[in-house]
Amino acid sequence: RATMKSLRFISAEAFVSNAEFAKKNLGSVAHNLFPLLFKASYLLEQGEVIHDLVENWPLADLNMGKLLGTTVDYQEDLSHRTCSVCLESCLMGLRDYVLNHPSPYMKRLKVVDLTGIKDVEVQSCECKKTMGRWARTQLLSKLCLELLVYLQQTQCNPGTFEISIDVLIDLFVTEWNYELVVQALLKKCYCPLKICCVAFRSDNLALQKFFYVIKLTDPSLLRKLEIVHNVRLEMEHLEILFNSIHFPLLMSLTLPARTFNVRRFTATDELMLSNIGEKMGEMTQLTELSMSFSILTGRIQKLLSPLKTPLKMLDVSNCSLNHADMAYLANSFHAHHLEALDLSGHNIPDLYPAVFFKLLSRSSSVLRSLTLEDCNIQDTHVNMLILGLNPCQKLQEFKFLGNPLSSQALKHLFTFLSELPMLKNVEFPVPRDCYPVGITYPIDDANLFTFDHQKYERVAEELNLILLQANREDVKASSPLFGSYDAAVQETNNELGAYLIKSFKETLEKFTTSLNELNM
């Protein structure tokens, strides 16, 4: 459905559609029209005009989220368009703002906020070329360093060195861009563009390098910290991190797989876990916590009870929780505040159905996202699941891949789901009856694709028809076999692949060496 445009926006589109005309007449444009022209240029992917607008930006701040979000003149939100042409033009314009403005004393720009840009799977821009979080980190770091080199080598107006612009960004650092980012952060105080890291993600990075770069980011400003793939952070390293660095504004924390493993705990480890819990308790803004694929059996209370602020998001998928853990969650003050919950990888129907439904009941008034993948939910559990989900009238997203459900059970469930008023996204499993008889759950990667694809397509059509007949075209239903889309993984999959091959090669070499030593 086409979004309505005001006459002002239509005029702005006409103005920016000719880059040469826009450049020539930009000087006579009222300052308060720059945001309108920026959004119109972004929609039309007018890179040259975006560059010129930013180079001559007359206002004190440039907030991408606000500029591209819903506005009075054009309600469509463009902040999910990570268009390479537009974003590169914007950053180049920012560099030239520092260098080319006639009088540095006329400059008002103090803050550029790039954090409102959202990375999504499907790009609606014409060029279809994206600039993800990693590439934005790379380009901004590169421009800051180039700017410094240029300012050192050229006779600039002394006023240029007085310019100081905070550039708020969500940094994404891996082995491949580490050196560049470190150099830019080390020289931050000399550069007119000041990188201000609001959120930090790290993948494929040696632990020593992670510790070094995180200290350079100014952790006192950090609101979100994600340590995800191939950063070998274990519990003792996490304790060192929390003991040596304070994160007063941290709202969201994601820890890598296997950070905790209580199966090999000693008395010292128990003290360490308590200390980590206490340190998290000092983070008074912390409301989102993800620690999937750790073994936390019987320790959830020890870790979460020191928290003074209720959690809004909790991901404890594949954490081997027991009845005591689930009972703690259901009875804790967090339960009434949970907007997003991931309990994947736990055999909920067999281990703790009653306390799970108690937890669901207590969070039902606020719960927006629920993930129950590989939870052994079978046909006989569907009626109970429907009863549990019925109060969750604010639910927007329900993911339950990997559960052994038949086509019939899925149809029954979809009839109920179509009545949830806020629901927007459903990720459902390939029906059990599409797989060969005797398939065991959880299904391993080797057998994931051994289902009857034609039968699956027919069932998927029937499920979508249920939504259609209930006038729920707004609900997206899919079965992503390898899990949900992750923009960061998608962007760095070449590096991730290279890392895995290298690790595999090193393991083989160690194995061969060990064999040779045995044969000597």
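Condition (residue is modelled with pLDDT under 95 and surrounded by fewer than 16 Cβ atoms within 10 Å (Cβ to Cβ)) applied to the range 190-200: is it met by at least one residue? Yes, the conditions are met somewhere in the range 190-200.
Under the condition of being of a type in the set (D, E, K, R) and part of a helix (DSSP H, G or I), which residue from the range 125-159 is least open to solvent (accessible area, probe 1.4 Å)? Give the derivation first.
Narrowing the range 125-159 to residues of a type in the set (D, E, K, R): 126, 128-129, 133, 136, 142, 146.
Remaining after also requiring part of a helix (DSSP H, G or I): 133, 136, 142, 146.
Working: ARG133: 36, ARG136: 19, LYS142: 85, GLU146: 75 Å².
It comes out as ARG136.
Filtering the range 104-114 to residues that are open to solvent by 40 Å² or more (accessible area, probe 1.4 Å) and assigned to a loop (DSSP other than H, G, I, E, B) leaves ARG108, LYS110. Among the residues of the range 430-486, write down those that are aromatic (Phe, Trp, Tyr) and touching a residue at least 40 places away in the same chain (Cβ under 8 Å). Within the range 430-486, TYR441, TYR485 meet the criteria.
Is it the case that some residue within the range 5-28 is touching a Cys at 6+ places or on another chain (Cβ under 6 Å) and either outside the structural domain of ASN100 (by the TED database) or among the hydroxyl-bearing types (Ser, Thr, Tyr) (or both)? Let's see the steps before the verdict.
Of the residues in the range 5-28, the ones touching a Cys at 6+ places or on another chain (Cβ under 6 Å) are none.
No.
For the range 1-39, the tally of residues that are of a type in the set (D, E, K, R), open to solvent by 80 Å² or more (accessible area, probe 1.4 Å) and without any contact (Cβ under 8 Å) to a residue 60 or more places away in the chain stands at 4.
Looking at LEU94, LEU87 in this structure, which one is buried (at least 22 other Cβ atoms within 10 Å of the Cβ), at pLDDT 95 or above and in contact with a Lys or Arg (Cβ under 7 Å, 6 or more places away or on another chain)?
Values: LEU94 fails: in contact with a Lys or Arg (Cβ under 7 Å, 6 or more places away or on another chain).
Only one candidate passes the filter, namely LEU87.
Here is a check on your reading of the model: is LEU372 farther than 18 Å from GLY345 by Cβ, touching a residue at least 12 places away in the same chain (Cβ under 8 Å) and not small (Gly, Ala, Ser)? So LEU372 does not fit the description; no. For the range 334-351, the set of residues classified as in a helix (DSSP H, G or I), of a type outside the set (A, V, I, L, M, F, W, C) and within 27 Å of the chain's Cα centre (by Cα) consists of HIS336, HIS337, listed by residue number. Residue-level check: of (1) under 30 Å from ASN447 (Cα atoms); (2) in contact (Cβ under 8 Å) with a residue 40 or more places away in the chain; (3) surrounded by fewer than 21 Cβ atoms within 10 Å (Cβ to Cβ); (4) not small (Gly, Ala, Ser), LEU417 misses just (3).
Looking across the range 420-457 at every residue that is open to solvent by 70 Å² or more (accessible area, probe 1.4 Å) and hydrophobic (A, V, I, L, M, F, W, C), the one that is farthest from ASN383 (Cα to Cα) is identified as ALA446. Selection of the range 160-189 for residues being surrounded by fewer than 18 Cβ atoms within 10 Å (Cβ to Cβ) and of a type in the set (Gly, Ala, Ser) yields only SER164. With respect to (1) of a type outside the set (Val, Ile, Thr); (2) closer than 20 Å to LEU289 by Cα; (3) surrounded by fewer than 20 Cβ atoms within 10 Å (Cβ to Cβ); (4) more than 18 Å from the chain's Cα centre (by Cα), the lone exception for ALA257 is condition (4). Inspect all residues belonging to the range 363-373 and state whether any of them is open to solvent by 70 Å² or more (accessible area, probe 1.4 Å), modelled with pLDDT of 95 or more, under 23 Å from GLY483 (Cα atoms) and under 30 Å from the mean Cα position of the chain (by Cα). Within the range 363-373 (the criterion being open to solvent by 70 Å² or more (accessible area, probe 1.4 Å), modelled with pLDDT of 95 or more, under 23 Å from GLY483 (Cα atoms) and under 30 Å from the mean Cα position of the chain (by Cα)), the answer is yes, since at least one residue qualifies. Scanning the range 262-276 for residues that are touching a Ser or Thr at 6+ places or on another chain (Cβ under 7 Å) and not β-branched (Val, Ile, Thr) turns up nothing.
The values are calculated or read from the model by the stated rules, or taken from the named source; none is laboratory data. Worth saying up front: this structure is predicted, and the values here are computed from it rather than measured. Glycine gets a Cβ as well: all are built from the backbone with ideal geometry, and neighbour counts include every protein chain shown. Note: areas computed on protein heavy atoms with side chains; ligands, DNA, RNA excluded. Shrake-Rupley method; radii C 1.70, N 1.55, O 1.52, S 1.80 Å.
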